[in-house]
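One structure is given below, encoded as structure tokens.
The values are calculated or read from the model by the stated rules, or taken from the named source; none is laboratory data. Small disclaimer: the values here were computed from a predicted structure and weren't measured. Every residue, glycine among them, receives a Cβ derived from its backbone with ideal geometry; neighbour counts consider all protein chains shown.
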């Protein structure tokens, strides 16, 4: 009881001291020297800071300014320091859209302890005085645009946190930083342009716990004095150019918990020095050139949770001591040269959940002991020369927790076992592709009722496709292509629940594990990092299927890829396929289809790949919408007309011919018309002869003009690229340059699909990169689209917009020239990149949202004339090297007259982002853009896609799921675990509220983009 009373006294006393200091701080007058320094600081900015005093104020009190904290003596009399009273101790203005440069006057704030200007737009070199502040403890300038180098002579004796990551700083590392700054605990210099070797000096940082040097251009080996850092917990050297052998000094880092040396050029053997690293949890060493065996000390590490040595040249026998490795849950040794039998002892690692041993040199069978795995959920043994598929399945069926099984490129030429006793009750993903398996699809597979993804492609399976596939409640991906299946396509497949409206649940594999590689037509691999990355697919290509394409396939509204090429299908293409409203790929080429291409397919707004080549189709090729972007090769080998390199259509061939009876009725009318044409032609010929005779005297003049005109065109042809204002110097850019830099628009250089065309990467000879959008088509509407987009984008100049840098015309193509964004799209980082989500912390995601909102507000309000984007989505938010957000793709934009509030359209937005009112009227509005932006905010908050086939029932539709969770007061459960903690709770909830307002069903209840910017910018993660 006495101890509790004593604690109560201390708590009350501490509270009173804090309150007294706060009250007194409010009454302090700012130190005049500090006031002058802050005024100079503000002059270096492009715009004043809200809440700061003006220069002509008689007695501005900077202690009450936004982001400023001043030192004060305690009113309780415990501290008496009138000299420092009123001195500025903290300057914290993270995420305040500060633009400009940091001036030398900041060095006059000699009592400053915290300087946090992260996530702003500050640029130029850092002032020398900044590195000589005697009291500074926290320096955070991350996520800005600072350039220049860091001086080697740094004198920050009190510094503990030194963070300048995600800038454009170059030069050599300040390795001598701790000669006069020995208290530093956290040193983050990642994501910059530091180069050269890691020279000695960091060994003086005796208190260092976190050292982050990843994503720079460092070379050579590791400085040996780093291994003197006894307190170091995290060492991140990923994605540099370090080379040579990994030093044995690693074993001296006794406190190390996480080591990331991935994506470098380390070689030689991994040193056997891990016995002393008793706290090591994560070792990421993938994508290097290590050889030899896994060291014994690493194979006995009791603390190790994740071991990733994928993509090296390790070999020998895998020898892990599972009795010691009691915490190991993820093991990735894929793409190495391990040999011998698959280790039979692995089930002794009781906590192993994820195993990836793909692409090694194993021999023999799966060991019998694998039946003893208790927690195994993910197993990939692709490309390992394993034999005896029957035995493998018999053993693995006893792993009751197994949900993902990938066995591609094994069991060559064996039969797919038909043993009726086989049963995988919890299996959700089954991949046994490219094994040349024989036989037919066995009946036992029908009992795996939880299957969601099945890939048996590139085998020699025969017989008919079982109709029971259509009864799988959760199946959304079925690939049976490149086999020898015959008979009709089972009609039951037209009723797959997960491709109509049902939601499904899929167990996520480790975020460090790619799922598998799906082979494409060129024999290359397409990597899917996670199951939810797979598009809902029916792939039945390259078989011997006959019969019709069932009209009921139009019911599969959630299907993305429908591939039936190279079969023997007959009949017509059903117009009902236009009901597959999510379809992105439709390949019906190399069949025996007849009739016409249904014009209803023009309504498939998301269709980006289409082919009906080499069939017996006739009639006119539909025009408009996405059909204008398809290449000529999509239609060859038919009797089509009208566009895409086909002959012009006779007037009667625009649509299907009517019945022979009607043709008979018109026979005499046609004869009468022919007689009239003959007489008319003769009269016209006489008239033309008279005109030619009269014009003969002027013929030479006309000929000379044409020759001169053609010569001018030939001379201008290579330079028909109109360049707009740009920071880059592209004055010599020509169409020839664009053709060469894209390898004549080769598919290998495609980096995206924008409005009305594809986007290509262009690598110029001088090393610069551009993005070229190619708008294909030769109709008047496309010309207007092109001119409208150029006119709009030439006026749209904003720091958060992808600027149009030029445009040109080549044959029937129109070309738009954009800057190339190194980090791709937000969609890639949130949903595709293996470690993408973990690279985007809460601060980064909020900054991206703020930047995108500012770009959209500019389009809606500041740009003249105003512009609707009409396709706001995460893939249209691009990120530069520093993860600054740029709003991209105005291929769907329309110019808005000053008093218009909407624009009609045939194609509005992307699935999952489309406002509900767009289904009622074909109009796009400003508030529609705001709705789509709200969906992007939910993606940033949750890490989920707007429409996800692989989420639990009731949560496939992101918007509905979030709203339901909000109604149940379970908001905290919707946030991405990567960004959620109690410190971020208030900010996350505020952004969630903003997102929900954007998603209001009634457009008038949604905020304006001006309000959006104001609300998002008011969120300060430091308050």
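For this structure, a couple of remarks:
- Restricting attention to segment 291-341, the residues that are surrounded by 22 or more Cβ atoms within 10 Å (Cβ to Cβ), part of a loop (DSSP other than H, G, I, E, B) and touching a strand residue (DSSP E or B) at 6+ places or on another chain (Cβ under 6 Å) add up to 5.
- Single residue of segment 170-183 satisfying the filter (in a loop (DSSP other than H, G, I, E, B) and in contact with a strand residue (DSSP E or B) (Cβ under 6 Å, 6 or more places away or on another chain)) that is surrounded by the most Cβ atoms within 10 Å (Cβ to Cβ): 173
- Candidate set from segment 563-620 (those that are touching a helix residue (DSSP H, G or I) at 6+ places or on another chain (Cβ under 7 Å) and part of a strand (DSSP E or B)); member that is nearest to residue 499 (Cα to Cα): 610
- Which numbered condition residue 877 fails, given (1) under 28 Å from residue 733 (Cα atoms); (2) modelled with pLDDT of 85 or more; (3) surrounded by fewer than 23 Cβ atoms within 10 Å (Cβ to Cβ); (4) touching a helix residue (DSSP H, G or I) at 6+ places or on another chain (Cβ under 6 Å): (3)
- Residue check for residue 475: assigned to a loop (DSSP other than H, G, I, E, B), touching a residue at least 12 places away in the same chain (Cβ under 8 Å), in contact with a helix residue (DSSP H, G or I) (Cβ under 7 Å, 6 or more places away or on another chain) and more than 25 Å from residue 384 (Cβ to Cβ): yes
- When the residues of segment 776-793 are filtered to those that are closer than 18 Å to residue 870 by Cα and surrounded by 15 or more Cβ atoms within 10 Å (Cβ to Cβ), the one that is modelled with the highest pLDDT is 790.
- Any chance residue 848 is modelled with pLDDT of 80 or more, within 20 Å of the chain's Cα centre (by Cα), buried (at least 23 other Cβ atoms within 10 Å of the Cβ) and more than 21 Å from residue 94 (Cβ to Cβ): no
- Qualifying residue in segment 237-249 (condition: at pLDDT below 95, more than 35 Å from the chain's Cα centre (by Cα) and over 19 Å from residue 291 (Cα atoms)): no
- When we screen 320, 416, 314, 396 for residues that are closer than 25 Å to residue 262 by Cβ and modelled with pLDDT of 95 or more, the only hit is 314.
- Residue that is nearest to the chain's Cα centre (by Cα) [pool: residues in segment 342-374 that are assigned to a loop (DSSP other than H, G, I, E, B) and surrounded by fewer than 16 Cβ atoms within 10 Å (Cβ to Cβ)]: 351
- Selection count where residues are more than 20 Å from residue 281 (Cα to Cα) and free of Cβ contacts under 8 Å to residues at least 40 places away in the same chain, scope segment 217-227: 7
- Considering only residues in segment 481-493 that are part of a loop (DSSP other than H, G, I, E, B) and touching a strand residue (DSSP E or B) at 6+ places or on another chain (Cβ under 7 Å), the one that is farthest from residue 415 (Cα to Cα) turns out to be 489.
- Filter result (touching a helix residue (DSSP H, G or I) at 6+ places or on another chain (Cβ under 7 Å) and surrounded by fewer than 18 Cβ atoms within 10 Å (Cβ to Cβ)) within segment 630-648: 645
- Tally of residues being part of a loop (DSSP other than H, G, I, E, B) and surrounded by 13 or more Cβ atoms within 10 Å (Cβ to Cβ) across segment 973-1017: 12
- When 861, 797 are checked against the criterion of being in a loop (DSSP other than H, G, I, E, B), out of contact with any strand residue (DSSP E or B) (no Cβ under 7 Å at 6 or more places or on another chain) and at pLDDT 75 or above, 797 stands alone in meeting it.
- Qualifying residue in segment 817-830 (condition: modelled with pLDDT under 65 and either more than 27 Å from residue 644 (Cα to Cα) or buried (at least 21 other Cβ atoms within 10 Å of the Cβ) (or both)): no
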